[in-house]
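Accompanying notes for the structure given below.
The values are calculated or read from the model by the stated rules, or taken from the named source; none is laboratory data. Fair warning: this is a prediction, and the values are worked out from it, not measured in the lab. Note: ideal-geometry Cβ built from the backbone for every residue, glycine included; neighbour counts use all protein chains shown.
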Amino acid sequence: MSRCDIHPSILSADFSHLAEELQRISGADAAHVDVMDNHFVPNLTLGLPAVERLQAVSPIPLDLHLMIDDPDRWAPAYAEAGCASVTFHAEAAAAPVKLARELRAAGAKAGLAVRPATPVEPYLDLLAELDMLLIMTVEPGFGGQKFLDVTLPKLRRAAAAVKDHGGTVALQVDGGITEETIARAAEAGADTFVAGSAVYGQDDPAVAIEALRRTARE
Ligand code: DX5
Ligand code: ZN
């Protein structure tokens, strides 16, 4: 069966009980952790010391999404902390190939993200250097926003390039993923789905994760 990974975003979790909130999504493939610096995006979340503690207690791998300026400087430390994957933004990185190589050398999967209005084409030649491509389906910065259908053509083009490349690169979508929108993203070729409010907004996150997985596979 082809890949269909669900990565709940802890941005929508209760920040006063993050260890327990990670346990509630232990049936997911990874926990998506949004690091925001109030510069690259107009919001501030958590940083390296908190991520190191989450990494120590998480029952599942951590999938880091860095929405920060100067990832060239800061991203490798998250890989060294043991995060399974570290994704940085194309718009913020000065030397994406060098950075992706550093992340891999530190033992993490390397991910590259693009905002909704950033073309993916300039980065498709870099697939050999990447383990994941993240097509943002909302403007990064906040949970609970509406899925932007205008990103679907870009997702289709990225999926075709990933397939041509041999299918080794995961194609992630992040933002506005719900039981309603996940089918459109899956149909367009995404195989890794971040969902914050759609998971933690439900009484039982485990049930929400299974429902998303089932709908994406249909
Ligand atoms: C937004 C973050 C997302 C966010 C998604 O900038 O990158 O990971 O948590 O939240 P939902 O699924 O509620 O759109
Ligand atoms: Zn994210």
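Scan A84, A56, A92, A31 and give me the residue that is more than 13 Å from ligand 1 (Cβ to nearest atom) and in contact with a helix residue (DSSP H, G or I) (Cβ under 8 Å, 6 or more places away or on another chain).
Working: A84 fails: in contact with a helix residue (DSSP H, G or I) (Cβ under 8 Å, 6 or more places away or on another chain); A56 fails: in contact with a helix residue (DSSP H, G or I) (Cβ under 8 Å, 6 or more places away or on another chain); A31 fails: more than 13 Å from ligand 1 (Cβ to nearest atom).
Sole residue among the options that is more than 13 Å from ligand 1 (Cβ to nearest atom) and in contact with a helix residue (DSSP H, G or I) (Cβ under 8 Å, 6 or more places away or on another chain): A92.
Mind counting the residues in the stretch 153-179 that are closer than 13 Å to V114 by Cα and either outside any helix (DSSP H, G or I) or not basic (K, R) (or both)? Before you say what the answer is, go through the steps one by one.
The first filter runs over the stretch 153-179 and keeps only residues closer than 13 Å to V114 by Cα, leaving 154-155, 158, 171-175.
Restricting the remaining residues to those that are either outside any helix (DSSP H, G or I) or not basic (K, R) (or both) gives 155, 158, 171-175.
Of the residues in that region, 7 qualify.
Residues of the stretch 140-158 being within 16 Å of ligand 2 (Cβ to nearest atom) and either more than 21 Å from F40 (Cβ to Cβ) or free of Cβ contacts under 8 Å to residues at least 60 places away in the same chain (or both), which ones? It would help to see each step written out before you state the result.
Step one: list which residues in the stretch 140-158 are within 16 Å of ligand 2 (Cβ to nearest atom), which gives 140-148, 151, 155.
Listed by number, the residues that qualify are Q145, K146, F147, L148, T151, L155.
How many residues does the stretch 110-143 contain that are within 29 Å of E180 (Cβ to Cβ) and either assigned to a strand (DSSP E or B) or among the basic types (K, R) (or both)?
10
Kindly evaluate A183 against the criterion of being over 17 Å from the mean Cα position of the chain (by Cα) and farther than 19 Å from F40 by Cβ.
Details: over 17 Å from the mean Cα position of the chain (by Cα): yes; farther than 19 Å from F40 by Cβ: yes.
Taking the combined requirement at face value, the residue satisfies it.
Of the residues I25, I6, only one is at pLDDT 95 or above, more than 14 Å from ligand 2 (Cβ to nearest atom), more than 15 Å from G143 (Cα to Cα) and surrounded by 20 or more Cβ atoms within 10 Å (Cβ to Cβ); which? Quick ask: steps written out before the conclusion?
On the way: I6 fails: more than 14 Å from ligand 2 (Cβ to nearest atom).
Answer to the check: I25.
With the condition kept exactly as written, say whether any residue in the stretch 161-173 is under 16 Å from the mean Cα position of the chain (by Cα), surrounded by fewer than 20 Cβ atoms within 10 Å (Cβ to Cβ), more than 16 Å from ligand 1 (Cβ to nearest atom) and modelled with pLDDT of 95 or more.
First, pick out the residues of the stretch 161-173 that are under 16 Å from the mean Cα position of the chain (by Cα): 169-173.
From what's left, surrounded by fewer than 20 Cβ atoms within 10 Å (Cβ to Cβ): none.
Looking for residues that are under 16 Å from the mean Cα position of the chain (by Cα), surrounded by fewer than 20 Cβ atoms within 10 Å (Cβ to Cβ), more than 16 Å from ligand 1 (Cβ to nearest atom) and modelled with pLDDT of 95 or more, one finds none in the stretch 161-173, hence no.
Which of the residues that make up the stretch 92-142 are of a type in the set (D, E, K, R) and within 16 Å of the chain's Cα centre (by Cα)? Before the answer, list the steps.
Going through the stretch 92-142, the residues of a type in the set (D, E, K, R) turn out to be 98, 101-102, 104, 109, 115, 121, 125, 129, 131, 139.
Selection gives K109, R115, D131, E139.
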